[in-house]
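J.: This structure is in structure tokens; I'll ask about it shortly.
Read-outs throughout are calculated quantities, based only on the coordinates presented, and are distinct from any laboratory measurement. For clarity, every value in this text was computed on a predicted model and none was experimentally measured. No Cβ is skipped: glycine too gets one built from the backbone with ideal geometry, and neighbour counts run over all protein chains shown.
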Amino acid sequence: MGVADVISVLSEVPTLLKLKKGMVPRPISVADCFGARVEANAQRIGHRTAIRFEGQEVTWAEFNALANQYAHFITGEGVKRGDTVSVIMENRIEFLALLVGLNKIGVTAGLINTNLTGKPLTHCVTVTQSKKCIFGSEIAGALNEVKAELNLAEGEDYFEVPALGQEPTTNWAKNLAEGASEASQADPAGTSQTTLGEIALYIFTSGTTGLPKAAVLSNRRYLTSADMAAKAGYKCTEEDRMYLCLPLYHGTGLMIGAGAAMVSGASMFIRRKFSASNFLSEIRSEGCTLLVYIGELCRYLSNTEASPDDHKNPLRAMMGNGLRPDVWMGFKKRFGIKRIAEFYGASEGNVAFANLMNRDCTVGMTSAEVALVQYDVDNDEIVRDEDGRCRLVAAGEPGLLLGKITEDTVFEGYTDPEATEKKIVRDALESGDAWFNSGDLMRTVDVGFTLGYPHYQFVDRVGDTFRWKSENVSTNEVGEIINGFPEVKFCNVYGVEIPGTDGRAGMAAITLADGVAELDLAAFSAFLRAELPSYAVPIFVRIQPDIDVTGTFKMVKGDLRKQAFDIRQFDDPVLRLMPGDIEYQPLDIATLEVIEAGQAGF
């Protein structure tokens, strides 16, 4: 441990002490919300830029005034405190102003993924019992297909927000922009009545195993995350500017990105969608000092062509989640980032971790009471002892993360009580206790001097860890290794069943690096044998033109698992590594039939 390492950590102490004092959970009856924070910015720094977007620029005073107009207009349409309004819109100024306006008057916004159509879209509007639906013109087509199935009246309960200077695209929705333009710009009286305990937002889970679930997000939890990000993550002020290209219907972009800006007064540069080719030029031209990220966004950027001067940019700090160790150090060095505040926490979770000491390759520490318990990945269940209690793992060993449910770490759950109860582990360590089941495997890691605070590292989603040859295999760790082969651009690892075997065999879907027409099988095979234990080397490799990801850059595995290595279901080529082979070979129908018959010798 070097002196510089110790000095670096000690320099964080004043911030951590200030944060600890300021982050003591406040009573839910206290009046505060992110709408109130925007009002404060308008009063304190109203002349400063709040948002830049596609050539538009609004100051904090102008942004607050627009939010007020939305608040007054929606109130005039019969929406009252405690109601829910569905909001589905791409990133833009109007989206954030609308959320602020609704928050000021105590109305909950149900944030819907802009990629949803059909049944999932219908479900998201109905499950929150939305009284109104406000949408951007870009979503009109998807809503038009399902509006007959919604309990909302055409011409009364739908509100369209056209892009700046454009006309509405529907004849069944009111023009929100036109209506709000006539409303008052004065701060609504209701802002001072909006409390920490009120539900600010419903943020939906991805729905990979069913229809999306609406996670409850109170004002207290929103502001706790936003304040933590601003004060101890980015350490930002109104002098900073946030580069925000993540979808704002997702918690990371909205809480850690926009939230940090709203509580600190930092300005935002917003994009509708992420663009790797425009990233660095916009960071420079817009003077962005902060970045909110998802790990896969960083991987995309890492795979762009590097230039010697990539580090010459104003970025100084970034905060987000999912930055994997195989990308971390290279990204940090290439773009000259001084501070990476990786965090961990689910939208619905009751605990969070944050790398506030600026250690490398860790999600940091938590002030909440947590436990890492043994998990049987083969049977997909928690391991309990003869007394029915969960078993804690040894230091450094991966275990299922549980967060204790207390008055200070409330699990707010979902709108569905049954779904909420399924995420609670009761009588875990002692009778009567209750813990939030994160569904994630984590472990403690040694990252040097940390003032005695244990630091943690994300290992995998429970469903993304499989057992093969009596060994647990982490898809996350195998993926990191495969991504290190120069001919591979992206990699998605998962477990598949082989007839006549126990557990699941490894399979990887990969895309080739730009300019690589054909994978060098000999070199690829030798690389994996050298870098991975034999049980972790994937048995099958599927070569895809592109990796399927969600709107927040998380790789989709559901269909890949179902299709497995059955080449009759898709056109992508598949490589196989049969018992005794040292090099991958193309999988053909004859070999497939041998494997399916359980005669391959695995």
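J.: With θ set to phi - 60° and the Karplus curve 6.51 cos²θ - 1.76 cosθ + 1.60, what are the ³J(HN,Hα) couplings of the stretch 502-513 in order, to the nearest whole Hz, using x for Gly and Pro?
T.: The phi angles translate into 9, x, 10, 8, x, 9, 10, 9, 10, 10, 7, 5 Hz.
J.: Using the Karplus curve 6.51 cos²θ - 1.76 cosθ + 1.60 with θ = phi - 60°, what ³J(HN,Hα) values do you get for each residue of the stretch 270-283, in whole Hz, with x for Gly and Pro?
T.: So the J values, rounded to whole Hz, are 10, 10, 5, 9, 5, 9, 5, 5, 9, 3, 5, 5, 6, 4.
J.: Less than 12 Å Cβ to Cβ from Arg284, Lys/Arg counted +1 and Asp/Glu -1: what total charge do the surrounding residues give?
T.: -2
J.: I've got another one for you. Scan around Leu217 for amide H atoms under 5 Å from its own, H built in the peptide plane at 1.01 Å from N, and keep only partners 5 or more places away or cross-chain.
T.: The list, which skips near neighbours in sequence, is Ala200, Leu201, Ile203.
J.: Further question: Measure of size requested: the Rg and Dmax of the stretch 141-210, with Cα atoms as the atom set and Å as the unit; please supply both.
T.: Calculated on Cα positions, Rg and Dmax stand at 16.5, 45 Å.
J.: Next question, about the same structure. Rounded if a/c is under 1.5, else prolate if a/b beats b/c, else oblate: with a ≥ b ≥ c from the C-alpha gyration tensor eigenvalues square-rooted, which is the stretch 416-461?
T.: prolate
J.: Can you give me the angle between helix 93-104 and the longest principal axis of the chain, using Cα atoms only, in degrees from 0 to 90, rounded to the nearest 10?
T.: 70
J.: Expressed as a whole percent, how much of the Cα-Cα distance distribution for the chain exceeds 45 Å?
T.: 19
J.: Counting other beta carbons within 10 Å of each residue's own, what order do Cys298, Cys361 fall into, fewest first?
T.: Final ranking by Cβ density, sparse to dense: Cys361, Cys298.
J.: Positive end of the dipole of the stretch 469-596, charges at C-beta (+1 Lys, Arg; -1 Asp, Glu), about the Cα centre: which of Thr591, Pro499, Gly580 has its Cα farthest in that direction?
T.: Pro499
J.: Name the shape class, rounded, prolate or oblate, that the alpha-carbon gyration tensor gives for the stretch 454-528, where a ≥ b ≥ c are the square roots of its eigenvalues, rounded holds for a/c under 1.5, and otherwise prolate holds if a/b is larger than b/c and oblate otherwise.
T.: Verdict is oblate for the stretch 454-528.
J.: Mind pulling the angle between the C-alpha long axis of helix 325-334 and the longest principal axis of the chain? Nearest 10 degrees, somewhere in 0 to 90.
T.: The helix 325-334 is inclined about 60 degrees to the chain.
J.: In addition: Could you compute Rg(Cα) / (2.2 N^0.38 Å) for the stretch 31-348, with N its residue count?
T.: Here the answer is 0.97, to two decimals.
J.: Let me know the longest stretch in the chain that avoids all trypsin sites (Lys or Arg not before Pro) found in a DSSP loop with at most 11 other C-beta atoms within 10 Å.
T.: Formally, the longest exposed-site-free interval is 1-272.
J.: Another one. Given H placed 1.01 Å from N in the peptide plane, which residues other than close sequence neighbours of Phe458 have an amide H under 5 Å from its amide H?
T.: HN-HN under 5 Å from Phe458: Val363.
J.: Could you give me the ³J(HN,Hα) list for the stretch 126-134, computed from phi with Karplus coefficients 6.51, -1.76, 1.60 and θ = phi - 60°, whole Hz, x at Gly and Pro?
T.: Residue by residue, the stretch 126-134 yields 7, 5, 8, 6, 5, 8, 9, 10, 10 Hz.
J.: Using just the helices of the chain, give the 222 nm mean residue ellipticity in deg cm²/dmol: DSSP H runs with n ≥ 4 each add -39,500 (n - 2.57), and the total is spread over all residues, rounded to 500.
T.: -7500 deg cm²/dmol
J.: With the Cα gyration tensor of the stretch 469-596 giving a ≥ b ≥ c as the square roots of its eigenvalues, does the rule (a/c under 1.5 for rounded; else a/b larger than b/c for prolate; else oblate) give rounded, prolate or oblate?
T.: In terms of gyration-tensor shape, rounded.
J.: If you average 1/r across every pair of different Cα atoms in the stretch 344-496 and take the reciprocal, what Kirkwood value do you get, in Å?
T.: Evaluated on the stretch 344-496, it is 16.8 Å.
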